[in-house]
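Just below is one structure, and these are the notes that go with it.
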Amino acid sequence: MSLRTDYTGALDTKLQEAHDAGVTFIATTNLVFIGTEIANAAASGLKDFTISLTPTFQPTDLRLEGNLWSAYQSGVLGALAVEGIMNNEVGASLDTTDALTLLMDLTFSF
């Protein structure tokens, strides 16, 4: 048990679930697509570009951009770090401009 677990209690389980979903979203669901898009951008000479993806983990809750989004985002960025993309090379943000579709924008800067 950690001090953080003492503080967050049951919320800790939900945050870990969101983090793990973020890892899976990158490492399992979208890794090939992201790799292809990065290769295409590199072939085009782009150093700054954005890839938009539709997150499937509780989009209504992610849209609130609170602790659940932060945990999910942490999983996404962690999975990208495992692939050698550091946090200073990518940012993850939510595009909530459409009321029906939630997008997560991965903004790369190499």
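The values are calculated or read from the model by the stated rules, or taken from the named source; none is laboratory data. Just so it is clear, the structure is predicted and the values come from calculations on it, not from any experiment. Cβ atoms come from the backbone with ideal geometry, glycine included; neighbour counts cover every protein chain shown.
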Within region 63-98, considering residues that are out of contact with any strand residue (DSSP E or B) (no Cβ under 9 Å at 6 or more places or on another chain) and over 21 Å from Gln16 (Cβ atoms), the one surrounded by the most Cβ atoms within 10 Å (Cβ to Cβ): Glu83
Search result, residues across region 28-60 that are in contact with a helix residue (DSSP H, G or I) (Cβ under 9 Å, 6 or more places away or on another chain) and in a loop (DSSP other than H, G, I, E, B): Leu46, Lys47, Pro55, Thr56, Phe57, Gln58
Would region 38-45 turn up any residue that is buried (at least 17 other Cβ atoms within 10 Å of the Cβ), at pLDDT below 95 and not basic (Lys, Arg)? no
Pair list, Cβ < 6 Å and 6+ apart or interchain, from region 10-34 residues that are over 13 Å from Leu80 (Cβ atoms) to residues that are modelled with pLDDT under 95 and assigned to a helix (DSSP H, G or I): Asp12/Thr5; Ala18/Leu68
Taking the condition surrounded by fewer than 18 Cβ atoms within 10 Å (Cβ to Cβ) and in a strand (DSSP E or B), does Thr101 pass? no
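Mind counting the residues in region 61-93 that are assigned to a strand (DSSP E or B) and either acidic (Asp, Glu) or in contact with an Asp or Glu (Cβ under 6 Å, 6 or more places away or on another chain) (or both)? Please lay out each step first, then the result.
Filtering region 61-93 down to residues assigned to a strand (DSSP E or B) leaves 90-93.
Still in the running and either acidic (Asp, Glu) or in contact with an Asp or Glu (Cβ under 6 Å, 6 or more places away or on another chain) (or both): 93.
Qualifying residue count, region 61-93: 1.
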